[in-house]
């Protein structure tokens, strides 16, 4: 038996529902091990095929989606033709409603979304697609480990031609802030705390504000190329901006706001969108 391994094969950027924290954006690196006998080429599987088959499946079924724990008692699902409505109750008093085309979410038979539960789901869906000489798959998912401050952010980009248009997908993102040329850990910590477990919404997409059980809610809605999307969640978990929530706009938003608060200072902001990518802005 031989084991083929590929570390950091791909990254999954997504959002998921958490029983205590609500809607969370996340980014996980994916490592894979394939156990099996050697084929006619003397390989368990060609590296090119590993990258193509695994990444394609992960992109199609998990990436840029809302992951929903179907086994959690507070999850209610309702099919509506090619769309799916989800009602999720968490912390007893709060709810999240998500309505979107079926392709925008991924249903998992678990009561909690974790690295382990998602890895198991990937293994189960991937095994039938691989050659018979591959007898076992092991997936490991892990968060990026680096110094600094990060936040879990969810958003949707209605003008995006790809899957970023889905109203509830997200990232685990670091932020770097330089004030007058010096990196400021205090400002980074402040913004990471401000955007902890946040949904960043565009004001133009805010359809209405309501109240339920003394909790204020925002409901966002828009139509994009993939269909109609709606999301309702507690107002306290939202941060509104006037433009689309691209990483370029978010970096500029932070830089401009810091500049308005301290006009005599110069700011450079490096905002990440997931792992090893992002945008830089100055003010």
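Note on segment 210-235: residues that are surrounded by 13 or more Cβ atoms within 10 Å (Cβ to Cβ) and either outside any helix (DSSP H, G or I) or at pLDDT below 95 (or both) total 17. Residue pairs whose Cβ atoms lie under 7 Å apart, sitting 6 or more positions apart in sequence or on different chains, and linking a residue in segment 38-65 that is under 17 Å from residue 14 (Cα atoms) to a partner that is at pLDDT 85 or above and loosely packed, with under 13 Cβ neighbours inside 10 Å, are 57/129. Go through segment 136-147 and give me each residue that's over 15 Å from residue 24 (Cβ atoms) and surrounded by 14 or more Cβ atoms within 10 Å (Cβ to Cβ). Matches in segment 136-147: 137, 139, 140, 144. When we screen 192, 204 for residues that are free of Cβ contacts under 8 Å to residues at least 40 places away in the same chain and either within 30 Å of residue 145 (Cβ to Cβ) or not in a strand (DSSP E or B) (or both), the only hit is 204. Among the residues of segment 152-174, those that are touching a strand residue (DSSP E or B) at 6+ places or on another chain (Cβ under 6 Å) and either in a strand (DSSP E or B) or more than 12 Å from residue 246 (Cα to Cα) (or both) comprise 152, 153, 154, 155, 167, 168, 169, 170, 171, 172, 173, 174. Hey, any hits in segment 92-112 for a residue that's more than 22 Å from residue 276 (Cα to Cα), part of a helix (DSSP H, G or I) and free of Cβ contacts under 8 Å to residues at least 60 places away in the same chain? Within segment 92-112, one or more residues are more than 22 Å from residue 276 (Cα to Cα), part of a helix (DSSP H, G or I) and free of Cβ contacts under 8 Å to residues at least 60 places away in the same chain.
For every residue, the table says whether it meets (1) surrounded by 12 or more Cβ atoms within 10 Å (Cβ to Cβ); (2) free of Cβ contacts under 8 Å to residues at least 12 places away in the same chain.
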site: 183; (1), (2): yes, yes
site: 186; (1), (2): no, yes
site: 196; (1), (2): yes, no
site: 199; (1), (2): yes, no
site: 208; (1), (2): no, yes
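Answer yes or no: is there a residue in segment 50-73 that is modelled with pLDDT under 95 and not in a helix (DSSP H, G or I). Looking through segment 50-73, none of the residues is modelled with pLDDT under 95 and not in a helix (DSSP H, G or I). Of 159, 169, all but one fail to be in contact with a helix residue (DSSP H, G or I) (Cβ under 9 Å, 6 or more places away or on another chain) and either more than 20 Å from residue 271 (Cα to Cα) or surrounded by fewer than 18 Cβ atoms within 10 Å (Cβ to Cβ) (or both); the exception is 159.
The values are calculated or read from the model by the stated rules, or taken from the named source; none is laboratory data. Predicted model, so just to flag it, every value in this text is computed and none were measured. All Cβ positions, glycine included, derive from the backbone under ideal geometry; neighbour counts span all protein chains shown.
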